[in-house]
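Peer 1: Take a look at the following structure, please.
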Amino acid sequence: MLEKLESVYQQAQAELTEIRDSAALAAWKSRYIGGKGAVSQLLRGIGGLTPEERPVFGKRANEVMAALDEAYAAREVLVQDIEMAADLEGAALDVTLPGRQPAMGRLHPSTQTLRRFSEIWAEMGFSVYRSRDVETDEMNFTLLNFPPHHPARDMQDTFYTTDPDVILRTHTSAGQIRAMRELGGGGTKPIRVVLPGMCYRFEQITNRSEAQFYQVEGIAVGHNITMSDLKGTVAEFARKMYSPDAKVRYRASYFPFTEPSMEIDIECFLCGGEGCSVCKHTGWLEIAGSGMIHPVVLRNGGYDPAEWSGFAFGMGPERIAMLKHGITDIRNFWANDSRFLEQF
Ligand code: PHE
């Protein structure tokens with residue numbers, strides 16, 4: 001019996017050193033040191049020994065059991081390491097590789113320009129007034145001194161709805177009356193606001209004109225506001241937006257809601273006034289329509305034109321962004337092509 005025990009012990013040890021996975025380890029455990037394992041079975045035969053042999057055998061069997069238990073625990077740790085290493089190798093994970101860059105969202109080039117505009121106007125004391133895209137004919141035209149059937153309405157081809165009084169605004173000037181009425185305290189308080197927003201015109205879409213585009217309107221109403229305030233304010237904007245020595249010029253123009261009216265040009269920032277294809281060899285770029293607010297419009301906004309005066313201007317940020325980045329097709333702005341948008 002004792003010899004049998006020693007040979008089981010040796011065989012168990014020899015087998016254990018070959019084991020490399022947990023299934024084989026579990027099988028080994030039940031074969032040798034489990035309740036029905038070889039050592040327990042030998043112990044069960046202890047009754048067949050002589051009274052002298054029994055304690056000797058019992059003591060040795062317990063020693064063998066303890067030694068195998070210990071060897072088992074040590075092997076278990078090793079097997080776990082082997083299996084973890086194999087797992088990692090199977091996953092072929094190279095932790096030194098650079099991470100994958102997630103695709104980042106970004107601001108639309110028009111939004112970027114609009115935000116820059118608002119920032120500059122805020123520095124000059126203009127707050128932002130949000131008006132609406134869907135307007136009444138009254139706000140967009142009539143109260144701005146476009147009488148019904150007046151030919152000036154044809155300057156801006158309009159998107160109408162089934163309700164003849166409801167249209168999509170053709171210019172941000174449509175918000176002028178709302179801003180004056182809402183912020184002017186019934187013609188008692190000065191105002192200074194910019195109105196950024198989308199405008200819509202029923203136009204043939206080409207590389208130079210879209211049916212939707214942004215404008216940024218600005219209005220200032222107060223006592224003794226004059227044309228030189230308008231000129232100084234717009235020139236300051238041009239210096240901040242384009243370059244510290246941006247040159248500005250004014251050309252007489254016509255809008256029903258301003259009198260006098262003028263177009264504002266800046267010296268072409270691409271050729272420095274020399275003349276290039278972008279400025280059509282004139283050396284100048286048109287950036288805004290503007291003028292002194294017409295007395296009829298002031299009155300419609302709640303102000304007494306005998307006491308109050310003001311200026312207004314309207315700028316197109318897409319045109320500016322196109323010039324700045326050399327974009328030759330305005331349709332890119334609303335085509336939602338990420339190859340275009342990712343460049344900004
Ligand atoms: N609303 C005019 C346009 O869209 C621009 C403008 C704004 C002109 C304010 C004068 C004053 O052409």
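The values are calculated or read from the model by the stated rules, or taken from the named source; none is laboratory data. Values in this document were obtained by computation on a predicted structure and should not be read as measured data. With ideal geometry, Cβ positions are generated from the backbone for all residues, glycine too; neighbour counts draw on all protein chains shown.
Results for (1) in a helix (DSSP H, G or I); (2) touching a helix residue (DSSP H, G or I) at 6+ places or on another chain (Cβ under 7 Å), shown as yes or no for each residue.
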{"residue": "S40", "(1), (2)": "yes, no"}
{"residue": "R60", "(1), (2)": "yes, yes"}
{"residue": "V79", "(1), (2)": "yes, yes"}
{"residue": "L93", "(1), (2)": "no, no"}
{"residue": "T96", "(1), (2)": "no, no"}
{"residue": "E119", "(1), (2)": "yes, no"}
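Peer 1: Do we find a residue being more than 32 Å from the chain's Cα centre (by Cα), farther than 14 Å from V297 by Cβ and surrounded by fewer than 20 Cβ atoms within 10 Å (Cβ to Cβ) anywhere in segment 137-144?
Peer 2: Taking every residue of segment 137-144 in turn, at least one turns out to be more than 32 Å from the chain's Cα centre (by Cα), farther than 14 Å from V297 by Cβ and surrounded by fewer than 20 Cβ atoms within 10 Å (Cβ to Cβ).
Peer 1: Can you confirm whether segment 38-54 contains a residue that is closer than 30 Å to D87 by Cβ, assigned by TED's automatic domain parsing to the domain that holds A86 and surrounded by fewer than 17 Cβ atoms within 10 Å (Cβ to Cβ)? Break it down stepwise before answering.
Peer 2: At the first step, the residues of segment 38-54 found to be closer than 30 Å to D87 by Cβ are none.
Checked against the condition, which is being closer than 30 Å to D87 by Cβ, assigned by TED's automatic domain parsing to the domain that holds A86 and surrounded by fewer than 17 Cβ atoms within 10 Å (Cβ to Cβ), segment 38-54 yields no hits at all.
Peer 1: Kindly provide the set of residues from segment 276-318 that are basic (K, R) and either surrounded by 23 or more Cβ atoms within 10 Å (Cβ to Cβ) or on the phi > 0 side of the Ramachandran plot (or both), ordered by number. It would help to see each step written out before you state the result.
Peer 2: At the first step, the residues of segment 276-318 found to be basic (K, R) are 280, 299.
Answer for segment 276-318, where residues must be basic (K, R) and either surrounded by 23 or more Cβ atoms within 10 Å (Cβ to Cβ) or on the phi > 0 side of the Ramachandran plot (or both): just K280.
Peer 1: Of the conditions (1) in contact with a strand residue (DSSP E or B) (Cβ under 6 Å, 6 or more places away or on another chain); (2) part of a loop (DSSP other than H, G, I, E, B), S253 satisfies every one except a single condition; which number is it?
Peer 2: (2)
Peer 1: Now for a different question. In segment 216-250, what residues are in a helix (DSSP H, G or I) and of a type in the set (V, I, T)? I'd like the intermediate steps shown before the answer.
Peer 2: In the first step, residues of segment 216-250 are kept if they are in a helix (DSSP H, G or I); the result is 227-241.
The answer is T233, V234.
Peer 1: Further question on the same structure: Counting just the residues of segment 281-317 that are under 39 Å from the mean Cα position of the chain (by Cα) and among the hydroxyl-bearing types (S, T, Y), which one comes out nearest to the ligand (Cβ to nearest atom)?
Peer 2: S290
Peer 1: Additional query: In segment 231-246, how many are surrounded by fewer than 18 Cβ atoms within 10 Å (Cβ to Cβ) and in contact (Cβ under 8 Å) with a residue 24 or more places away in the chain? Spell out how you get there, then give the answer.
Peer 2: Taking segment 231-246 first, the residues surrounded by fewer than 18 Cβ atoms within 10 Å (Cβ to Cβ) are 231-232, 235-236, 239-240, 243-246.
Narrowing further to those that are in contact (Cβ under 8 Å) with a residue 24 or more places away in the chain: 236, 240, 243.
Number of matching residues: 3.
Peer 1: E286 is checked against (1) over 25 Å from M155 (Cβ atoms); (2) touching a strand residue (DSSP E or B) at 6+ places or on another chain (Cβ under 7 Å); (3) charged (D, E, K, R) and fails just one. What number does that condition carry?
Peer 2: Among (1) over 25 Å from M155 (Cβ atoms); (2) touching a strand residue (DSSP E or B) at 6+ places or on another chain (Cβ under 7 Å); (3) charged (D, E, K, R), the lone unmet condition for E286 is (1).
Peer 1: Give just the number: which of (1) loosely packed, with under 14 Cβ neighbours inside 10 Å; (2) in contact (Cβ under 8 Å) with a residue 40 or more places away in the chain does R60 not satisfy?
Peer 2: Against the list (1) loosely packed, with under 14 Cβ neighbours inside 10 Å; (2) in contact (Cβ under 8 Å) with a residue 40 or more places away in the chain, R60 comes up short only on (1).
Peer 1: Do the conditions hold for E138, that is, is it out of contact with any helix residue (DSSP H, G or I) (no Cβ under 7 Å at 6 or more places or on another chain) and under 30 Å from E3 (Cα atoms)?
Peer 2: Working: out of contact with any helix residue (DSSP H, G or I) (no Cβ under 7 Å at 6 or more places or on another chain): yes; under 30 Å from E3 (Cα atoms): no.
The answer is no for E138.
Peer 1: Something else: Scanning segment 262-275 for residues that are more than 35 Å from the chain's Cα centre (by Cα) and at pLDDT below 90, which turns out nearest to A238 (Cα to Cα)?
Peer 2: G273
Peer 1: Please enumerate the residues belonging to segment 179-204 that are more than 16 Å from R132 (Cβ to Cβ) and either within 16 Å of the ligand (Cβ to nearest atom) or assigned to a strand (DSSP E or B) (or both). If you could, list the steps in order and put the result at the bottom.
Peer 2: From segment 179-204, those more than 16 Å from R132 (Cβ to Cβ) are 184-192, 201-204; that's our starting set.
Those that are more than 16 Å from R132 (Cβ to Cβ) and either within 16 Å of the ligand (Cβ to nearest atom) or assigned to a strand (DSSP E or B) (or both): I191, R192, R201, F202, E203.
Peer 1: Just checking, does segment 115-124 include any residue being within 30 Å of F202 (Cα to Cα), among the small types (G, A, S), under 23 Å from the mean Cα position of the chain (by Cα) and outside the structural domain of D21 (by TED's automatic domain parsing)?
Peer 2: Yes; the residues of segment 115-124 include at least one that is within 30 Å of F202 (Cα to Cα), among the small types (G, A, S), under 23 Å from the mean Cα position of the chain (by Cα) and outside the structural domain of D21 (by TED's automatic domain parsing).
Peer 1: Any residue in segment 42-53 that's in contact (Cβ under 8 Å) with a residue 24 or more places away in the chain: show its pairings with residues that are part of a loop (DSSP other than H, G, I, E, B) at Cβ separation under 6 Å, as long as the two are six or more apart or on different chains.
Peer 2: none
Peer 1: Please go through segment 159-187 and give me each residue that is surrounded by fewer than 15 Cβ atoms within 10 Å (Cβ to Cβ) and not hydroxyl-bearing (S, T, Y), ordered by number. Steps first, answer last, please.
Peer 2: Filtering segment 159-187 for residues surrounded by fewer than 15 Cβ atoms within 10 Å (Cβ to Cβ) gives 160-166, 185-186.
Answer for segment 159-187, where residues must be surrounded by fewer than 15 Cβ atoms within 10 Å (Cβ to Cβ) and not hydroxyl-bearing (S, T, Y): D163, P164, D165, V166, G185, G186.
Peer 1: Same structure, new question: Say we look at segment 251-260 and pick out the residues that are of a type outside the set (V, I, T) and crowded, with 19+ Cβ neighbours inside 10 Å; which of these is farthest from the ligand (Cβ to nearest atom)? Spell out how you get there, then give the answer.
Peer 2: Of the residues in segment 251-260, the ones of a type outside the set (V, I, T) are 251-257, 259-260.
From what is left, the residues that are crowded, with 19+ Cβ neighbours inside 10 Å are 255-257.
Numbers: F255: 4, P256: 9, F257: 6 Å.
Checking each candidate, the answer is P256.
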